[in-house]
Amino acid sequence: MFKAIVLTLFFVLVLYFYLNITTNHNKYINVPELKGVNLNKAKVILEENNLSYIILDSALYNPDYPKFSVLEQLPKSNSQVKKNRKIYLTLNPSNYGKVSIPNIIQITQRSANSSLLASGLEIGDVSYENNIGKDMVLEILFNGNKLNIGDMVPKKSKIDLILGNGKTEEK
């Protein structure tokens with residue numbers, strides 16, 4: 001009976017020390033901030049910190065970040081994790097879809113804004129010229145070039161509008 005108790009205590013102590021060593025008990029690493037960092041640089045940073053990574057696909061292009069840069073990470077930066085923990089990275093895609101310019105000529109700015117936003121486009125500069133149709137869309141521009149209905153532009157592009165000011169040309 002005594003041998004069984006000693007053997008059990010010995011086994012528990014060995015197991016306790018083994019688990020402390022293999023699970024890195026109380027040994028944590030702070031997760032580095034990777035948002036906006038290029039994928040290649042992020043890999044180096046994670047390897048230097050003894051962390052691994054998994055790349056998650058992203059269909060959402062963010063024009064504020066360079067291509068192949070980290071948009072999100074999980075766990076978040078400054079979280080404490082153990083060595084070899086997987087960090088899940090969501091990347092900015094290298095390319096993004098193109099969308100067709102909707103038919104917004106001769107409609108009000110309010111309706112045009114709704115159509116552009118629904119198409120995944122953003123409203124850029126708005127300028128006015130003499131035309132009896134107040135706030136009616138007269139022309140659509142992208143990077144200073146006139147667009148026609150159905151032209152394809154990258155999603156999230158800023159579209160400039162030329163509207164009528166409600167005045168007729170004075171002669």
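Please verify whether LYS82 is surrounded by 13 or more Cβ atoms within 10 Å (Cβ to Cβ) and under 23 Å from GLY120 (Cβ atoms), treating the condition exactly as stated. When the stated conditions are applied, LYS82 does not pass them. If I filter the stretch 12-28 for residues that are in a loop (DSSP other than H, G, I, E, B) and touching a strand residue (DSSP E or B) at 6+ places or on another chain (Cβ under 8 Å), do I get at least one hit? There is at least one residue in the stretch 12-28 that is in a loop (DSSP other than H, G, I, E, B) and touching a strand residue (DSSP E or B) at 6+ places or on another chain (Cβ under 8 Å).
The residue of the stretch 85-126 that is farthest from the chain's Cα centre (by Cα), among those that are assigned to a strand (DSSP E or B) and surrounded by fewer than 13 Cβ atoms within 10 Å (Cβ to Cβ), is ASP125.
Screening LYS146, LYS158 for residues that are of a type outside the set (A, V, I, L, M) and surrounded by 15 or more Cβ atoms within 10 Å (Cβ to Cβ) leaves exactly one candidate, LYS158. Scanning the stretch 127-137 for residues that are surrounded by fewer than 16 Cβ atoms within 10 Å (Cβ to Cβ), not in a strand (DSSP E or B) and not basic (Lys, Arg) turns up ASN130, ILE132, GLY133. With the requirement that a residue be within 14 Å of LYS98 (Cβ to Cβ) and part of a strand (DSSP E or B), what does the stretch 138-158 give you? Those that are within 14 Å of LYS98 (Cβ to Cβ) and part of a strand (DSSP E or B): PHE142, MET152, VAL153, PRO154.
In the set (1) modelled with pLDDT of 90 or more; (2) under 18 Å from PRO93 (Cβ atoms), PHE10 fails one condition alone, (2).
Just one of the numbered conditions (1) over 19 Å from the mean Cα position of the chain (by Cα); (2) not assigned by TED's automatic domain parsing to the domain that holds VAL126 is not true of VAL70: (1).
Is it the case that some residue within the stretch 19-32 is at pLDDT 90 or above, surrounded by 13 or more Cβ atoms within 10 Å (Cβ to Cβ) and under 30 Å from LYS156 (Cα atoms)? Yes, that holds for at least one residue.
The values are calculated or read from the model by the stated rules, or taken from the named source; none is laboratory data. Given the structure is predicted, the values throughout are model-derived calculations rather than measurements. Every residue, glycine among them, receives a Cβ derived from its backbone with ideal geometry; neighbour counts consider all protein chains shown.
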